[in-house]
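Chemist: Okay, handing you the structure first.
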Amino acid sequence: MTTLTDPPTNRIFKYGNKTIPAPGPEYSNEQVLAFCRAYFPELGQAKIEEKTLENGTLEVTFSKQVTTKG
């Protein structure tokens, strides 16, 4: 049996040196990334990394993938 857990209520999103306000716990990390792609198209193939800070806040970092054309 799979147990669903509530998403963390304290999240911050980071891309480069920018901090993006969390829209709310009802949005997944992937949904926030999809929203950010409208403003940062280079996040098209972004990687999502998570780490928990000492105060319990979940820090979600978006980092662009380096790809080659051809």
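The values are calculated or read from the model by the stated rules, or taken from the named source; none is laboratory data. As the structure is a prediction and not an experimental result, all values here were calculated from the model. Neighbour counts run over all protein chains shown; Cβ positions are idealised from the backbone, glycine included. Surface accessibility is based on the protein's heavy atoms, side chains included, excluding ligands, DNA and RNA. Shrake-Rupley method; radii C 1.70, N 1.55, O 1.52, S 1.80 Å.
Chemist: Regarding residue 19, is this residue at pLDDT below 95 and in a strand (DSSP E or B)?
Modeler: Spelling it out, residue 19 is indeed at pLDDT below 95 and in a strand (DSSP E or B).
Chemist: Follow-up question, since we're still on this one. Within region 53-60, is there a residue that is open to solvent by 100 Å² or more (accessible area, probe 1.4 Å) and either at pLDDT below 90 or part of a strand (DSSP E or B) (or both)? Steps first, please.
Modeler: We begin by selecting, within region 53-60, every residue open to solvent by 100 Å² or more (accessible area, probe 1.4 Å); these are 54-55.
Still in the running and either at pLDDT below 90 or part of a strand (DSSP E or B) (or both): none.
No: region 53-60 contains no residue that is open to solvent by 100 Å² or more (accessible area, probe 1.4 Å) and either at pLDDT below 90 or part of a strand (DSSP E or B) (or both).
Chemist: Being at pLDDT 90 or above and in contact with a strand residue (DSSP E or B) (Cβ under 6 Å, 6 or more places away or on another chain) is the filter here, so list the residues in region 22-31 that pass it.
Modeler: The one that is at pLDDT 90 or above and in contact with a strand residue (DSSP E or B) (Cβ under 6 Å, 6 or more places away or on another chain): 29.
Chemist: Only residues in region 29-41 that are in contact (Cβ under 8 Å) with a residue 12 or more places away in the chain and in a helix (DSSP H, G or I) count as the first member; pair them with residues that are open to solvent by 40 Å² or more (accessible area, probe 1.4 Å) and β-branched (Val, Ile, Thr), Cβ under 6 angstrom, at least 6 apart or cross-chain, and list the lot.
Modeler: Listed by first residue and then by second, the contacts come to 29/48.
Chemist: Which of the residues spanning region 30-63 are β-branched (Val, Ile, Thr) and closer than 16 Å to residue 19 by Cβ?
Modeler: Passing the criteria: 32, 48, 57, 60, 61.
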